[in-house]
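Participant: My questions all concern the structure below.
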Amino acid sequence: MAQAETLEIISFAAGACRFAVEARQVEALLSDGPQTLVAVESLLGLPLLEAAPRPCLRLGKYRVSVSEPVDLRSLPVDSIYPLPELVALRIQIKGVRALVLDAHGAMLLLDLRGLLAS
């Protein structure tokens, strides 16, 4: 029996939504970031709901704060759905690449490195 293909992701909260990023984009998870970090909500155009100390994802020279819970897990690739072209053109949240539907609920898969580079 062939083993299902998986993708390692880090999921987190931003605004009132759940998001995920490929784990290979993240170099480290820090318990708190330096003062010069970027809140993921500001990258996505969402309101910042939590200003307390937050975990920080290190992506190269960037530090991006996220809201908890933050989880590292394997995601079956058959639970990832590319955005239909019309939705991709109209979605207001920047950097969204796909919709994930799994046992943990729905979340949006992001390209954080691409967002930070732009």
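Read the figures in this text as sums done on the coordinates, not as results from a lab. Fair warning: this is a prediction, and the values are worked out from it, not measured in the lab. Here the Cβ positions follow ideal geometry from the backbone for every residue, glycine too, while neighbour counts run over all protein chains shown.
Participant: Search the structure for amide H atoms under 5 Å from the amide H of Ala14, placed 1.01 Å from N in the peptide plane, and list their residues when 5 or more places away or on another chain.
Facilitator: Close amide H contacts, sequence-distant or interchain: Phe19.
Participant: Placing +1 on the Cβ of each Lys and Arg and -1 on the Cβ of each Asp and Glu in the chain, which of Leu86, Val96, Ala117 has its Cα farthest towards the positive end of the resulting dipole?
Facilitator: Working it through, the farthest residue towards the positive pole turns out to be Ala117.
Participant: May I ask for the equivalent-ellipsoid semi-axes of the chain, computed as the square root of five times each C-alpha gyration tensor eigenvalue and listed largest first in whole Å?
Facilitator: The answer is 23, 17, 13 Å, longest axis first.
Participant: Given +1 on the Cβ of Lys and Arg, -1 on the Cβ of Asp and Glu, and no further charges, what dipole in debye does the chain carry about its Cα centre, rounded to the nearest 20?
Facilitator: Dipole of the chain, to the nearest 20 debye: 360 debye.
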